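Following: one structure in structure tokens, then a few remarks.
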Amino acid sequence: MYPFTTSTPRLVTRSPSPTTIEYTVTTAPIPPKNLWTRYLLLAWSVVVKALVVGVWIFWGGVKYRDEVVMRGGSLEELWWGFGGVGRWVESTSEDGELGMVGWLVGCARVMEWWWIGAGLVMGGGWAGRRGYTEESLLIMRNLGIQTRTCPSSTFSPLFLLSPLPTLLSPLASFFLTPLLTLLSSLFQKLFPNTPLPGQSSNWSFTSFLGHGGTTRFIPTSQIQDVWIHEGFVGFEVRFFLGVVVKGEEEIVVVFPRTLPGKRVCEAVWRGLRGCLYEKGVRDGVRGIGEGK
Amino acid sequence: MPYNIAMASDFFYPQPGGVESHIYQLSSKLIDRGHKVIIITHAYGDRTGVRYLTNGLKVYYVPFFVIYRESTFPTVFSFFPIFRNIIIREKIDIVHGHASLSSLCHEAILHARTMGLKTCFTDHSLFGFADAASILTNKLLKFTLSDVDHCICVSHTCKENTVLRAALDPSTVSVIPNAVVAENFRPDPTAASPDTITIVVISRLFYNKGTDLLVAAIPRICELHPSVRFIIGGSGPKAIDLEQMLETNMLQDWVELLGPIRHEAVRDVMIRGHIYLHPSLTEAFGTVIVEAASCGLYVVCTRVGGIPEVLPSHMTMFAKPEEDDLVAATSKAIHALRHGRVRTDKFHEQVKQMYSWTDVAARTERVYDHITKSRNLSLLERLKRYYGCGVWAGKLFCLCVIVDYLLWVALCYWFSEDKIDIARSWPKKRRRGMLEEKDAVRNRGKRAKR
């Protein structure tokens with residue numbers, strides 16, 4: 001799945017009005033030029049979606065098809081299930097043996113409904129994950145800048161609304177949080193690499209499910225300075241673009257998740273400086289590597 | 001040709017000390033000569049990340065475990081990924097390690113050799129051969145130094161010691177002494193009292209610094225010369241012995257204890273005296289006696305370690321490291337001063353002529369020139385060298401080197417080189433040698449035109 005949904009971070013510049021400019025760093029895949037590869041990608045997404053839909057239909061089947069013949073959910077069932085692979089299309093054969101679908105349905109009936117529900121939420125969440133990261137910086141002349149990190153899931157707003165995660169999270173946090181806290185503290189002990197300011201190092205349940213998007217607006221009067229520096233991230237030294245905000249101890253890192261590298265940072269820095277301190281917004285728009 | 005040099009050591013500022021100031025001074029002078037220098041050390045408290053010092057000296061404070069007295073935990077391999085990243089992004093050609101007790105330095109040298117870079121090592125201290133800790137350190141030293149391109153020691157005694165400890169070929173070891181910034185140690189003849197002779201002692205109060213000798217000698221010197229006063233600066237576990245001695249002999253009016261002194265304040269204490277007394281039992285170089293001579297003090301010191309090499313005989317009075325001889329030497333020095341047989345006022349200019357960091361940097365540069373010309377060894381040749389380190393140790397070292405090599409291959413695959421951003425260099429000064437050469441060429445051109 002990986003090579004299809006992400007690419008190396010790249011910069012997209014947009015200037016929706018003469019006084020604004022937006023820099024977006026994204027790892028989203030570039031649509032391939034080759035037609036066949038496009039078909040392959042399309043087929044892949046169709047398969048993923050079909051699977052999700054299939055699960056839904058199957059769940060509906062569990063609810064309404066009481067007439068499906070089944071024996072109890074024992075270990076024998078498993079053997080029957082595999083033995084019946086050849087006859088998986090029919091739900092039951094003539095001599096009353098169960099086929100694959102029949103077995104699956106049978107198993108599903110034995111399961112508790114909340115188990116299936118949770119599985120679906122998890123599966124749906126996974127299917128809805130973007131798989132790529134997108135972060136942007138919007139500069140508005142005389143007003144300020146706004147940093148934005150895209151939510152990692154297309155369903156994120158749904159997640160907030162639906163009662164399921166709310167119900168699940170105390171349960172999950174009861175079991176997961178102590179374990180994860182222990183693991184992360186152990187990890188921190190072993191590799192006390194301090195993350196960049198603004199980058200959260202703690203693992204939590206929300207990052208387990210996928211983080212929601214965040215936006216932050218910083219008015220021009222609050223911006224003290226903008227610079228590029230280097231810092232340790234994991235086993236690497238990376239460049240980052242930092243905004244020094246008045247009255248705050250930590251600097252604001254502009255693309256904290258993608259950390260797009262020197263060339264992109266320099267391009268955005270030039271645009272940002274040009275926009276905030278020097279010339280018109282349009283002058284700030286420069287391609288990468290065009291020089292000073 | 002200007003080089004890109006990485007200095008690797010556990011010991012660097014903000015912690016004060018001799019090795020730290022050596023690395024700083026050498027680096028800044030090398031930058032003056034047109035090279036690019038970075039320093040790799042571990043994080044000190046909240047000082048982690050990348051910092052710039054004066055003159056564009058870049059320091060990487062790598063976040064790491066500290067186990068004992070600012071030495072990092074010797075994990076052998078865990079430092080490699082970050083180290084490789086730094087080396088590639090800074091385009092380093094030479095890795096220069098400092099101090100034999102620093103595991104970061106040893107690891108850096110091992111990894112640098114695996115990556116095929118040139119390496120150099122500077123030893124700053126003397127070690128014994130008998131106790132368990134020394135044996136372990138010496139084995140470790142032998143491991144890394146089996147495959148280092150060149151070694152630098154701060155004195156000839158230190159060279160002898162290192163050659164014996166690490167079983168090195170003496171021809172691969174050079175001696176480049178420390179230096180002092182003479183401007184920071186200017187004499188001030190008006191500061192010292194004209195009526196009495198003041199003896200200054202500034203050292204950490206430890207056994208190896210000869211504090212016991214000092215405790216025994218002070219009452220006898222005071223008895224022989226009632227007009228002599230002492231000023232003692234520094235702290236350590238032996239401070240209590242010193243205080244007890246003062247109370248038993250009631251010498252509070254003769255001896256002034258100052259406690260710990262910051263490095264910047266050392267000069268202000270030194271200029272108050274006439275004689276500097278250095279009773280150390282072991283010393284690789286002894287920068288402090290050069291500083292004392294630069295301040296215009298007559299130096300009385302023990303003839304141990306590298307001390308006899310440091311100053312010319314007209315500036316020093318030597319003693320054996322024992323009580324009677326130390327008292328006799330001090331008395332001689334007091335007499336010599338009283339009768340005006342020593343011209344301490346000329347010391348500063350002479351020291352300035354003898355010691356300068358610019359000179360140290362120029363000599364270090366020659367070492368670099370030498371090692372860059374040498375041939376790179378293949379992995380098999382390197383393994384042969386390590387194998388000769390000992391019956392069991394040899395095999396263990398070989399294993400370490402092979403694992404390191406495999407790790408390198410894996411790292412090259414995972415973190416491929418073309419994905420690592422190259423850091424921007426600090427705007428460079430023109431190299432002095434190159435400057436002169438260019439001027440010479442220009443002048444020749446002008447002459448030809450005429």
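The values are calculated or read from the model by the stated rules, or taken from the named source; none is laboratory data. The shown structure was predicted, so the numbers you read here are calculated from the model rather than taken from an experiment. With ideal geometry, Cβ positions are generated from the backbone for all residues, glycine too; neighbour counts draw on all protein chains shown. When the accessible area is computed, the model is the full protein with side chains, heavy atoms only, and any ligands, DNA or RNA have been set aside. Shrake-Rupley method; radii C 1.70, N 1.55, O 1.52, S 1.80 Å.
List of remarks:
- Rounded to 0.05, the FRET efficiency of the B:SER171 and A:TRP269 pair, given R0 = 51 Å and the Cβ-Cβ distance, is 0.50.
- Computed [θ] at 222 nm, deg cm²/dmol, chain B (DSSP H ≥ 4; -39,500 (n - 2.57); rounded to nearest 500): -13500 deg cm²/dmol
- In the structure shown, the pairs B:LYS139/B:LYS395; A:LYS262/B:LYS419; A:LYS33/A:LYS262; B:LYS58/B:LYS373; B:LYS29/B:LYS428 are assessed against 19 Å; a Cα-Cα span above that value is assigned to A:LYS33/A:LYS262; B:LYS58/B:LYS373.
- Annotation note: trypsin sites (Lys or Arg not before Pro) in segment B:73-121 located in DSSP loop regions with a Cβ neighbour count of at most 12 within 10 Å are B:LYS91.
- By a 1.4 Å probe calculation restricted to protein chains, A:TYR39 has an accessible surface near 120 Å², given to the nearest 10.
- Compared with the direct C-alpha span, the chain from B:VAL181 to B:PHE206 gains 6.4 nm at full extension, assuming 0.36 nm per residue.
- The residues of segment B:2-63 have, on average, 27 Å² of accessible surface per residue, using a 1.4 Å probe with all protein chains present.
- Computed on segment B:76-126, with alpha-carbon pairs under 8 angstrom and 6+ residues apart, the relative contact order is 40 percent.
- Chains A and B together bury roughly 1700 Å² of accessible surface, counting both sides and using a 1.4 Å probe on protein heavy atoms.
- With both labels modelled 7 Å from their Cα along Cα-to-Cβ, the B:GLN353 to B:TYR44 distance reads 3.7 nm.
- Modelled spin-label separation between B:LEU380 and B:LYS320, with each label point placed 7 Å from Cα along the Cα-to-Cβ direction: 5.7 nm.
- Taking every protein chain into account, the 1.4 Å probe leaves A:ARG141 with about 90 Å² of accessible area, to the nearest ten.
- Look at the stretch B:214-223: the mean tally of other chain Cβ atoms within 10 Å of its residues' Cβ atoms is 0.
- Full extension of the segment from B:ASP195 to B:LEU224, taken as 0.36 nm per residue of separation minus the current Cα-Cα distance, would add 8.8 nm.
- Restricting segment B:272-340 to GluC sites (Glu not before Pro) that sit in a DSSP loop and have at most 15 other Cβ atoms within 10 Å of their own Cβ leaves B:GLU322.
- Share of carbon and sulfur in the accessible heavy-atom surface of chain B [1.4 Å probe, %]: 57
- Over all projection directions, the Cα-based convex hull of segment B:307-378 averages an area of 8.1 nm².
- Largest-first principal axis extents, alpha carbons of segment B:182-354, Å: 44, 35, 30
- Label-point separation in nm, B:LYS332 to B:LYS419, each point 7 Å along Cα→Cβ: 6.9
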